[in-house]
Every structure is written in C-alpha cells, then in structure tokens.
Amino acid sequence: MSENGDDKDLQWCGDSGQRQDAEAVKCSEPLKTPLDVTSPQKHCTDVKLPAKNTEGISPYQPRPPSLPRRFKIGKSSSVDQSVRTRRIRNSQESLSDRAETCSSTDSLKEDQRLHASTGFLSEAASHEQELEETRSPVFRHRGSSLSEYQKRPQSQQSDPTELRTQVSKVRLSPVQPTGPLPSLEKNFASVALRAANRIDRDCLDYMGQAKCNERLHRNLSDSRLLENMGSDSASVSSMRSNYSVLSPIKPKDVRNRSFLEGSVLGSGALLGAEELDRYFPERQLGIYIATWNMQGEKGLPVNLDDLLLPTDSEFAQDLYVIGVQEGCPDKREWETRLQETLGPYYVMLYTASHGVLYLSIFVRRDLIWFCSEVEHATVTTRIISQIKTKGAVGVGFTFFGTSFLFITSHFTSGDSKVYERILDYNKIIEALALPKGLPDTNPYRSTPSDVTTRFDQVFWFGDFNFRLSKNRVEIENIINRTTGKDMGSLLEHDQLCKEIKDGSIFKGFQEAPIHFLPTYKFDIGCDIYDTSSKQRTPSYTDRILFRSRQSHDIRVIKYTSCTNIKTSDHRPVIGVFQAKLRPGRDNIPLGAGLFDRGLYLEGIRRRITRELKRREVMKNQSSSSICTIS
C-alpha cells in the first residue's frame, strides 16, 4: 500500500528481498502441493493486501517474519497459496537454524506486530481449519504458547515502522505439557537448613508443661516450618532466623560489627533479645544441680546415670552443676566419669576445687558461645588453712544478660555446733571475692559484705551438717510413723529450718519442700542408718538452697535424693530448676567457646569403648546358646 493509500502490485520471491515488476518476475518451479517443502526458497507467493481489517483474524495464526524492505505482491496469487507457502518456509528456516530455536516468544511478538501493521483479509480466517489439518503436531499446539505481547491490546503494541530496522528470525515455540504438572513434595529443605541453630528435639530441656511443649514445637518444628514455606527454591533461600536458620551476613556488617558493644534491643547483638528468643523462646534455662559427700572413697560407682540422668526426668537440662565434698583422691578421674556419663551433648565449662571440695559445671555445646568468662574463688573455714576439708568454692559467670553464682560448701560437723556453722556461713559470704572482672548486672542492689547479692541467680548447695535436734530413737520412731512424702514431722526438728526462720543464716534464700528421707547417715552399701557404736542421728545434712534478685525468677522442678548410689554414708541430693533469663549487652568478656577438650575426648572414648564391650558381650551370649534335640 502506498503512502496515499492506493494498492500497488508487489511480488515476493523466496527470501531474496528484491522488488520487481509483476510481469518481469517468474518462479523457477511451480508449487507442486501445499506441503511441498523440498525447495521452500524457490517458490513464489503472490498476496494482495487490501485495506486494513483485523476483526476476523485468529490470534493463533502464524505470521511471516518482519521484512527489511517493502515488496510487491502479485494479484494473481491466491491468499490460500501465499499463507501456506509462507508457513512452510518459516518452519523450514526455523528448523535449519539450531542456534535460534531456544526461544519462541520473540518470533511470536514480531509476527503479531507485522500482522497488526499489514492486516490480512478477513477471508483468511476461513482457511484456518484447513490449514490446521496440514500442520505438524508441533505447530498444532503453538497457539497455546502466546507471549505476553500478543495478549496486549493493539493500542499498546509497538509501531510497525520500528520493525523495518530489526532483523528477526523465526523460533520454535516451547513444547507445552499435555496435562497438569505433578505437585511438589515438601522435602526440598536440605540438611543444612534443618540443623543450623535449631534446638535438638531429643534435648528439649526444661519443658515440663504441655503448653510449653506445644509452643516450642510450633516455633521450631520442621513440619510446621515446611508448611509456612513456599514450594519454590526462592522461599528456601529467603528463610531467616525466626526459623532457627542462620541469618545471612552482609559484608558491610562484617566490616563494622565488633560485638564489643551492643544494646539489649539492638538487632544483631550476640547476647541481645533476638538471639535469646531463638534459643530460649520461654526465656527459661534448665539447671540440674547435684551435691554429694563422697566420704573420700577411692571406688566410684559403676554407673553415674542415676545421679545425672534419672529415668523419671522427661528431658535433660541445659546446665549441669555437680558439687562434691570429701571427694575422691583422683579429681581428674571423677571429672572424666562425669563427661563419660553426660556424653557428647555436653562439655565441661569450668572446674574448681578447694582441697577435697570439687565443683564442676557442664553446659550444652551449642550454648557455650553465650557464656562469659568464668571466675572462681575459695574460702577456708578451718583455723589451720592448710587443712582444706571445710570451706567453700564459688563459681560465677554471666549467661546472656543474667549472672549466676554457684557455691558448694562443707560446714563444721557436730550435732550441737550450730553457732560454728553460722560463723562458717558469714565468713564465706564476706570473703568470697566474686565477681572479679565481670560487670555487676545490677550494682544498685549489691552489698559489699554479701557476695550473694552481687548476682542475679544464686544456688548454694553442699553438706551443711545441720542435724535433727532429737535423739536417735525418737527420730527413728518418727520415720517409722511417716507415710508417703510428708516429712513435716521430721523437719520440725531440723536445725537449718529453724535458723532460716530466725533470719540468722541464708538470708533471702529459699528451699524447695522436702519429700525424701534424711540423707545422713547410712551404712555403706545398704539403706540402714548408722549401726556403728556412735549411732548417729539421721539428718538432712545435704541441701540445695537458692535466691534471686527478682522474685519468682527461679522455679523448682524437682528436689529429691538419689537412693541408688550407696558407695558413701551420704545419699546424693539433686535439684532441677528453671531460671529466668534476660537479654544482655555485648560488652562483657566472653568465654569464646573455651572448654576442656582433652576431658571431652577422653570421656567420649570411654563411652565408645563401653558400648563396644556391651555389644561384644551380647554377641557372645547369643552365639553361646545351643539348642539340642534329644
């Protein structure tokens, strides 16, 4: 069509792209059949383009590629033959160029543009069904893969004059699926995503109530994690720390962040609220405390599972603190046995001693990074300081923003030496020099003359040697009359309860209700109280007390004695507690993950050796059984 709107004769021969008169150009060979594709470049097609009309054109009809220059189209050629020839030629060109078959959206866009610019006869739509029968299977589904450009209105499409400067090549349409795609299973999360910083399911400590278990499962469960995720890889890549997955770190943050200073509410603080909530959604730390007077025996129990891992406990705890009085001569052997019992989940954070007083602290491996440097101090209550059998050992550190103090002590013995034991207590709280380098979390509530006021949570346990102020016969009669767990009739005669009530000792401390029999004094290896000539009175000498700066920050889960360990004249006493945690600042000296690695390796080696021996014994027993038939 000319600029004035008059139709002119144009002829298009193959791909030569030359304009010639209709009378001067002849095709070398006539088109034998509509599907003759042997020599698509030798056939000529004449198409007469009338005025622009697009109302009856199918959106799925393929179009020829855009032309670099205008051509004359002969009037003698029919629309049917021209459409068929161009369709065959376009398909052959696409199949012959492998490098350009990777995408079909561009070619569809160009076909649509050319169709909008030139316009086909409305009668061409009547040939669509006939052409559909001659198409190959690939082109039959081509109409289902329209590009976004073809779905736009013609008013939003590009001007056809822009196509004159573009050289286009026809590309094949992508193969479309014949049916719906199968749904993706939610098993695409890798092992690294599942096990980054999540609390282990077999070590969900201190969660005794069903409500707490349900909340923790909702926050940390893998199944709910997958339900909240999308079914694509982008959702996995965008997961953040609220699912206990390590957050991505930007290089700018690595350059600027030193972790030497931080805010309680600051984002990214190592000891801040965000990190605390990741590991402790309820902000409760599980603490297991055991105190035992070993009577200086060289022989240790065969198994310490009953002492540290009782079967009536649902979960293990985050922190294990073991205080020993009159400990065995080989302190290292005792610590190795503790590590062997607790296994690879725990490492020894710190150990301190004062003569035969031992204090060992074990913590879960994944929590060691939030502990500050550990400090300890000792006090002797003997007149002769070289004899270190009576006194105290204190260990203090900060966990997140909460400071802890653990003290194990051995007071003066004797039924009537109550005043001496009170003196021992007063000397310890005044002379125990803690903290040393750690900052006080609340200096306004601290007292220089009392070490227990300088820490948020304090646990004091040991052999206090307070007795029942009755003779042996009367105490045995009361024990025989006692039924169940009501020990109130015995505690009415307890010296420690009386002194605490009077306010002369352990000011501000509490003790959980006692529902177990006196732990002192037994004959070795049995459950009979002292049958020696001294006939000592059974008493509650071994105790665990606690205090906190804020009321109700410590909750008692269990307070009992371990009756299965009988290698000493004392029964161990154990207590399980939940302590409130608060976020802290990053300006405290951190422990940098230090622990006793040599002890850890030795304990694990013994644990493996013990397991191999057990399996070997079981194997020998199974192989030695012989069935005989008479």
Completion exercise
Just one listed residue, out of Val347, Val393, is farther than 28 Å from Arg549 by Cβ and aliphatic (A, V, I, L, M), and it is Val347
Handout entry: Residue that is modelled with the highest pLDDT [pool: residues in the range 583-612 that are under 17 Å from Ile368 (Cα atoms) and of a type in the set (Asp, Glu)]
Key = Asp596
Problem - Which listed residue, of Tyr350, Tyr358, is farther than 30 Å from Asn471 by Cα, open to solvent by 20 Å² or more (accessible area, probe 1.4 Å) and not in a loop (DSSP other than H, G, I, E, B) - result: Tyr350
Problem - Residue within the range 531-545 that is in contact with a helix residue (DSSP H, G or I) (Cβ under 7 Å, 6 or more places away or on another chain), open to solvent by 40 Å² or more (accessible area, probe 1.4 Å), small (Gly, Ala, Ser) and farther than 20 Å from Thr453 by Cα present - result: no
Practice task
List the number of the failed condition for Ile574; all other conditions in (1) in contact (Cβ under 8 Å) with a residue 40 or more places away in the chain; (2) among the β-branched types (Val, Ile, Thr); (3) open to solvent by 10 Å² or more (accessible area, probe 1.4 Å) hold.
Solution key: (3)
Completion exercise
Per the list (1) in contact (Cβ under 8 Å) with a residue 12 or more places away in the chain; (2) in a loop (DSSP other than H, G, I, E, B); (3) charged (D, E, K, R), residue check on Lys534 breaks on (1)
Problem - The listed residue being open to solvent by 20 Å² or more (accessible area, probe 1.4 Å) and assigned to a strand (DSSP E or B), out of Thr378, Thr412, Thr408, Thr398 - result: Thr378
Handout entry: Residue list for the range 443-469, filter: farther than 26 Å from Gln550 by Cα and buried (at least 18 other Cβ atoms within 10 Å of the Cβ)
Key = Asp463, Asn465, Phe466, Arg467, Leu468
Handout entry: Matching option when the condition is open to solvent by less than 40 Å² (accessible area, probe 1.4 Å) and free of Cβ contacts under 8 Å to residues at least 24 places away in the same chain, among Gly488, Gly484
Key = Gly488
Problem - Residue selected from the range 427-442 under the condition surrounded by 18 or more Cβ atoms within 10 Å (Cβ to Cβ) and touching a residue at least 40 places away in the same chain (Cβ under 8 Å), by the criterion farthest from His376 (Cα to Cα) - result: Thr441
Exercise for the section: Please state which one of Cys328, Cys371 is open to solvent by less than 10 Å² (accessible area, probe 1.4 Å) and at pLDDT below 95. Expected result: Cys328
Completion exercise
Residue pairs within 9 Å by beta carbon, gap of at least six or interchain, first lying in the range 331-346 and modelled with pLDDT of 95 or more and surrounded by 20 or more Cβ atoms within 10 Å (Cβ to Cβ), second hydroxyl-bearing (Ser, Thr, Tyr) and part of a helix (DSSP H, G or I), listed first then second, are Gln339/Tyr600; Tyr346/Tyr600
Fill in the blank from the handout: Gly323: passes all of (1) open to solvent by 30 Å² or more (accessible area, probe 1.4 Å); (2) closer than 23 Å to Thr567 by Cα; (3) in a strand (DSSP E or B) but (1)
Exercise for the section: Return yes or no: is Leu545 touching a strand residue (DSSP E or B) at 6+ places or on another chain (Cβ under 8 Å), at pLDDT 95 or above, assigned to a helix (DSSP H, G or I) and of a type outside the set (D, E, K, R)? Expected result: no
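Do you know which of the residues in the range 368-401 that are among the charged types (D, E, K, R) and touching a residue at least 24 places away in the same chain (Cβ under 8 Å) is nearest to His354 (Cα to Cα)?
Going through the qualifying residues, I end up with Lys388.
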Handout entry: Test for Ile524: is it in a loop (DSSP other than H, G, I, E, B), aliphatic (A, V, I, L, M) and under 24 Å from Gly296 (Cβ atoms)
Key = yes
Practice task
Go through the range 491-521 residue by residue and tally those that are open to solvent by 20 Å² or more (accessible area, probe 1.4 Å) and part of a helix (DSSP H, G or I).
Solution key: 8
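The values are calculated or read from the model by the stated rules, or taken from the named source; none is laboratory data. Just so you know, these numbers come straight off a predicted model, no measurement behind them. FYI the Cβ positions are ideal-geometry reconstructions off the backbone, even for glycines, and counts take in every protein chain you see. Accessible surface is based on the protein model in full, side chains and every heavy atom, while ligands, DNA and RNA are left aside. Shrake-Rupley method; radii C 1.70, N 1.55, O 1.52, S 1.80 Å.
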